[in-house]
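Read through the structure below, which is laid out as structure tokens, and then see the notes.
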Amino acid sequence: MKLIGFFLFLIMFTQSCVSQNATNKHFEPGKIWKDTDGKHINAHGGGIYFEDGTYYWYGEHKDRSSIAQVGVRVYSSTDLFNWKNEGVALAVSTDLDSEITKGSVIERPKVVYNKKTSKYVMWFHLELKDQGYHAARTGVAISDLPTGPFHYLKSYRPNVGVWPLNFPLKNQETQKNDASLEWWTPEWSAALVEGLYVRRDFEEGQMSRDMTIFVDDDGKAYHIHSSEENQTLHISELTDDYLDFTSRWVRMQPGGQNEAPAVFKQEDTYYMITSGLTGWAPNPARSFSAKSIWGPWESLGNPARGKRAEVTFNSQSTHVLPVEGKENTFLYMGDRWSPKNHIDGRYIWLPILIKDEKPQIKWMDTWNFADHNAIQP
Ligand code: DGJ
């Protein structure tokens, strides 16, 4: 009898824990964030796609190391506070010959929906197994459902054999010192700005590491990625099915060392948040605005404000979410990496205020949209 009572208590206790998890009403940046099963959410370097009242959060499933052992995980939510684990959206392959075999590196997955093909399209930064970060490729997968399963299609070094739209004709010719310059010399920096690596990678395709996807109001999609040995961002138009590159692309901030791009749009202004280049360690975020996705992009400085702003509250950008049904409400999604034990990485979600046409992100220990509306200018 006592045993039955104990089991009943256990069931009730477990249910109450689950229901507590299902009723988060605030964001608590940097704290353990449990899903509706009571487990810390495992969706790092993530992005969010919204459809029919449901948000889907895709991110890297991490273990102790950051090497892909599982793939891309997806969670769903109707309120952004409480997330249900929907499983693995894109699984690593058991085929050793696959580019996404277990042991490859799969980072920063971003999912968009293509109205013309009725397919969900996932792009992600791909590094091939046992090659460190040398391959510098971007991979694409598709699915019929937002929760997957996504089927891997292929990977690219983008823009093979095409010059950027904003590249002077004179820079297209190989310069006499192209092969001999030493890194970090003033001559190297000048040559980099003038396209040293664009020329080097012209035939094989441009490097693509940290990346994001942005879909504009007219349905055109853009792939934005760190290239040229992480020194310069590239913005490339995707084809109508979102599965390939159209050959229209520009360089942004040559030599600016931007990683972790996240793009959003308010009315007719495009904004971009990025980080500097310090591996897993945090650094001051950067922000930019432009009247066209092709630029010119104006540099607006670090959007973080207040305590620990100099390290972006110990986070690195991954996505900016325009919150549905809330005008001018944008959510900064950042990762607080935990390189000694990646599974313990935390999520830093904070509201973005746009003040005088500049994004600002302020730290809050705990917040929700009601608080956020109260602090809007
Ligand atoms: C910083 C990037 O933003 C991360 O996504 C990851 O690629 C690390 N570098 C690897 O050092």
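The numbers here are math on the coordinates, done by the rules we state, and not lab data. Predicted, not measured: the structure shown is a model, and the values here were computed from it. All Cβ positions, glycine included, derive from the backbone under ideal geometry; neighbour counts span all protein chains shown.
Relative to the Cα centre, what is the charge dipole magnitude of the chain, using +1 at the beta carbon of each Lys and Arg, -1 at the beta carbon of each Asp and Glu, and rounding to the nearest 20 debye?
Numbers: 40 positive and 47 negative charges, 210 e Å.
With only Lys, Arg, Asp and Glu charged at Cβ, the dipole is about 1000 debye.
So which aspartates and glutamates pass the test for Lys265, namely a Cα distance under 13 Å, with those fewer than 8 places away in the same chain ruled out? Once the sequence-local aspartates and glutamates are set aside, what remains near Lys265 is Asp216, Asp217, Asp218, Glu327, Glu357.
Taking only the alpha carbons of the chain, we obtain Rg and Dmax values of 21.4, 88 Å in that order.
So for the pair Lys220, Thr174, with labels modelled 7 Å out along Cα→Cβ, what separation do we get in nm? Simple spin-label model gives 3.4 nm for this pair. Here the spin labels are modelled as points 7 Å beyond Cα on the Cα-Cβ line, and at Asp79 and Lys326 they lie 1.3 nm apart.
Among the listed pairs Lys84/Lys291; Lys102/Lys307; Lys129/Lys340; Lys39/Lys119; Lys110/Lys358; Lys119/Lys355, which are separated by more than 28 Å between their Cα atoms? Mind dumping the intermediate values first?
Details: Lys84/Lys291 37 Å; Lys102/Lys307 40 Å; Lys129/Lys340 20 Å; Lys39/Lys119 30 Å; Lys110/Lys358 25 Å; Lys119/Lys355 37 Å.
In this structure, Lys84/Lys291; Lys102/Lys307; Lys39/Lys119; Lys119/Lys355 exceed 28 Å between Cα atoms.
Okay, helix-only estimate at 222 nm for the chain: each DSSP H run of n ≥ 4 adds -39500 (n - 2.57), divide by all residues, round to 500 deg cm²/dmol; what do you get? Working shown, then result.
On the way: 4 runs with 40 residues, N = 377.
Rounded to the nearest 500, the figure is -3000 deg cm²/dmol.
With no solvent and one point per C-alpha, what does the Debye sum give as log10 I(q)/I(0) for the stretch 180-328 at q = 0.14, 0.19, 0.21, 0.22 Å⁻¹? Treating every Cα as an identical point scatterer, log10 I(q)/I(0) equals -0.72, -1.24, -1.42, -1.49. Using all pairs of distinct alpha-carbon atoms, the Kirkwood hydrodynamic radius of the stretch 58-213 works out to 17.6 angstrom.
Placing a label point 7 Å from the Cα of Thr94 along the Cα-to-Cβ line, the residues of the stretch 141-166 whose backbone N sits under 18 Å from it are 149-152.
Normalised by 2.2 N^0.38 Å, where N is the number of residues, the alpha-carbon radius of gyration of the stretch 258-377 equals 1.03. Within the same chain, lysines fewer than 8 places from Lys116 are excluded, and of the rest, those with a Cα less than 17 Å from its Cα are Lys220.
Find the relative contact order for the chain and round it to a whole percent, using C-alpha pairs within less than 8 Å whose residues are 6+ positions apart.
On the way: 887 pairs, mean separation 46.8, N = 377.
Once divided by the residue count of the chain, the mean separation gives 12 percent.
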